[in-house]
Amino acid sequence: MSKDKHFVPSPGGLRNFRKNPWAVCCLIILGVFYAGAFLADFVSPYSYQNEDRSYSYCPPMEIQFLDEEGRLARPFVYGVTISFDEFHKRNYIIDKAEKYPLKFWMKGDTYQFLGLIPSSRHLFGVDAPGRLMIWGADARGRDLFSRIVYGGRVSLSIGLLGVAISFTIGLLVGGIAGYYGGRIDDVLMRICEMFMMIPGFYLLLALRAMVPADFNSVQVYFSIVVILSFIGWASLARIIRGMCLSIREREFVLAAKVMGLSDFRIIVRHILPHTLSYSIIAIMLSIPGYILAESALSLIGLGIQDPYASWGNLLSEAMGIIQINFSPWILLPGFFIFLAVMCFNVIGDALRDCLDPHFQVDENI
């Protein structure tokens, strides 16, 4: 049997990826994002639903490293007092008489670590009655940093789960259509075209409308994952089908048939692995679409609902120019959406240059 039975990414291609500083930087940024989302309960000073209405739209607090005399001191934040002007606008004034030292590994809101282990330890924070809001607060006085960290858990995981499901469907449908051809190919491709002819966002809204209104946020979360998976698989299936049409005629596939292997095993073990380079690239370039789709649904109130946090519903507070003008920090979730999308696109382009033979340059030249 031919030695090209299984596809293995070129070590040289992977070395070229490491030589791309932008791709490596983006990979580190995404690693930090996913680590923070995974450890959100521990990393965030407060729970996603911990609120204090007296801190509504509190501006970001500056962590101080010098005391009033300019000497190095233990990191701390000043307290704030609230005053109202003649237009009843809330103003936050720094109260230097109150200092709240920054503490690490401190007790705070209780949570279930990994959903199993009860704990109340947080990476950092300050003692009550002080509040630590390094990125400001939202309309209900909730720490925006904590909400963004928790929101990343939803927005980033939806991209991975959605892609995992849609690409599994796309690979199997495309592999079956390309391997068998004929009438099976015609039927499967017509089904793909039916999904592709409907604009993606309208199909997303139509499928979301089918979800019962009494679903809680956890049920809505899994519903959105399923909905996004049904939108993205069709275009991948058509491309995989075209690749499998040529791969099925190669010698190692014919040898597998002669050996009596089942059709399913031939497709999964001998044909689909040869589409791996394209699939890896397509996965990285598709994840941003899932993140944006979830953010769009949450932004218009059809996705994750308050008090649960996602980057989309956090950004919904920035729908009015007045809120943006007086509290510009509420735009921070949009920055994280932009940064995550850009990182995935940069990594996808770098992987394409490294793994796709059409983009590789002979190192000996």
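The values are calculated or read from the model by the stated rules, or taken from the named source; none is laboratory data. Note that the structure is a prediction, hence the values are computed from the model and not measured. Note that each Cβ is placed from the backbone with ideal geometry, even for glycine, and that neighbours are counted across all protein chains shown. Protein only, heavy atoms only, side chains kept; ligands, DNA and RNA dropped before computing areas. Shrake-Rupley method; radii C 1.70, N 1.55, O 1.52, S 1.80 Å.
Data overview
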| item | result |
| --- | --- |
| Residue 213, sole failed condition from (1) in contact with a helix residue (DSSP H, G or I) (Cβ under 7 Å, 6 or more places away or on another chain); (2) open to solvent by 70 Å² or more (accessible area, probe 1.4 Å); (3) closer than 30 Å to residue 310 by Cα; (4) aliphatic (A, V, I, L, M) | (1) |
| Test: residue in the range 147-159 that is open to solvent by 10 Å² or more (accessible area, probe 1.4 Å), out of contact with any Ser or Thr (no Cβ under 7 Å at 6 or more places or on another chain), outside the structural domain of residue 100 (by TED's automatic domain parsing) and of a type outside the set (Val, Ile, Thr) | yes |
| Number of the condition not met by residue 65 [criteria: (1) of a type in the set (Phe, Trp, Tyr); (2) surrounded by fewer than 17 Cβ atoms within 10 Å (Cβ to Cβ); (3) within 20 Å of residue 141 (Cβ to Cβ)] | (3) |
| Conditions (1) open to solvent by 60 Å² or more (accessible area, probe 1.4 Å); (2) modelled with pLDDT under 80; (3) within 30 Å of residue 350 (Cβ to Cβ); number of the one not met by residue 1 | (3) |
| So residue 222, is it in contact with a helix residue (DSSP H, G or I) (Cβ under 8 Å, 6 or more places away or on another chain), free of Cβ contacts under 8 Å to residues at least 40 places away in the same chain, under 29 Å from residue 301 (Cα atoms) and open to solvent by 10 Å² or more (accessible area, probe 1.4 Å) | no |
| Residue selected from the range 237-258 under the condition open to solvent by 20 Å² or more (accessible area, probe 1.4 Å) and free of Cβ contacts under 8 Å to residues at least 60 places away in the same chain, by the criterion nearest to the chain's Cα centre (by Cα) | 246 |
| Positions within the range 68-88 being modelled with pLDDT under 80 and either open to solvent by 80 Å² or more (accessible area, probe 1.4 Å) or within 21 Å of residue 50 (Cα to Cα) (or both), in sequence order | 68, 69, 84, 86, 87, 88 |
| Within the range 37-57, considering residues that are part of a helix (DSSP H, G or I) and more than 12 Å from the chain's Cα centre (by Cα), the one surrounded by the fewest Cβ atoms within 10 Å (Cβ to Cβ) | 53 |
| Near pairs, Cβ below 9 angstrom, 6+ apart or cross-chain, from the range 116-144 (closer than 14 Å to residue 314 by Cβ) to any residue that is among the β-branched types (Val, Ile, Thr) | 135/148; 136/330; 138/330; 139/330; 143/134; 144/134; 144/330 |
| Subset of the range 92-130 [loosely packed, with under 12 Cβ neighbours inside 10 Å and aliphatic (A, V, I, L, M)] | 93, 97, 114, 116, 117, 128 |
